[in-house]
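Reviewing the structure listed below.
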Amino acid sequence: MRTTRALAVAVTAGAVVGLAAPTASAWADPSNIVAMPSVIPRGGQLTVTVDGSACAAHGSKVTSNAFPDTPLKSMNGGTASANPRVYQHANPGAHSITVHCGTSRHKTLTKPDAFTVIHGGVRGGLGGSNSSGATATDMAIGGALVTVALVGGGVFWMRRRSENAGRGV
C-alpha cells in the first residue's frame, strides 16, 4: 500500500513539473544582449539582439543614452532584435543598453558597455594610416638598404673576378 501511495505522489509531482515546464520556458526572461557592430560612429545603425521569448512580446524595447527607444521585433527561436540609429550628437565612449521586455510581466536586463561610439567614421582598409606615400624616414631606410645591397654585390663580384683571374680563365 505504501508503495502505491508513493508511486501516485511521484507521478502527480512529475505531471505537475512536466506541465509547468513548457509554460515557464514559453516566457523566458531576457538572458543575453548582443550589439553589432561593437564599435560604431555617430549616426551609425546598430543591430541589437536579445535572447528570451519575453522580449518578443508587444511593448518590448531597447534603450540607451546613445539612441532613441526602439521597439523589439520578434525573431524565431525565442529571440528579438531592434535596429536603433545612434544619435549624431552621442558622446564618444562606451554605452550601456537596457532591454525592457513585455508589458504585463515587465522584465529588464542591462548590459554595461555594450558598444562604443567613436567620433568620425572608421577608416577601413588603411590599417590606421594617416598619411599617403613614403615619409622621409621610409626613404632613408630604403636608400640605406639599396646602398648596402649594391656594396655587397660589388664586393662579391670583385672577389669572384679576382678568383677567376688567378686561375687563368
Which residues, taken from region 79-91, are open to solvent by 30 Å² or more (accessible area, probe 1.4 Å) and either in contact (Cβ under 8 Å) with a residue 40 or more places away in the chain or within 22 Å of Pro30 (Cα to Cα) (or both)?
Asn83, Arg85, Tyr87, Gln88, His89
If a residue must be touching a His at 6+ places or on another chain (Cβ under 7 Å) and open to solvent by 20 Å² or more (accessible area, probe 1.4 Å), how many such residues does region 43-62 contain?
1
When you check Arg160 against the structure, is it in a helix (DSSP H, G or I) and at pLDDT below 85, yes or no?
yes
Report yes if some residue within region 127-143 is at pLDDT 90 or above and within 21 Å of Leu46 (Cβ to Cβ); otherwise report no.
no
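The values are calculated or read from the model by the stated rules, or taken from the named source; none is laboratory data. Note that the structure is a prediction, hence the values are computed from the model and not measured. Don't worry about glycine lacking a Cβ; one is built from the backbone with ideal geometry, like all the others, and counts go over all protein chains shown. Side chains included, ligands, DNA and RNA excluded: accessible areas come from the protein's heavy atoms. Shrake-Rupley method; radii C 1.70, N 1.55, O 1.52, S 1.80 Å.
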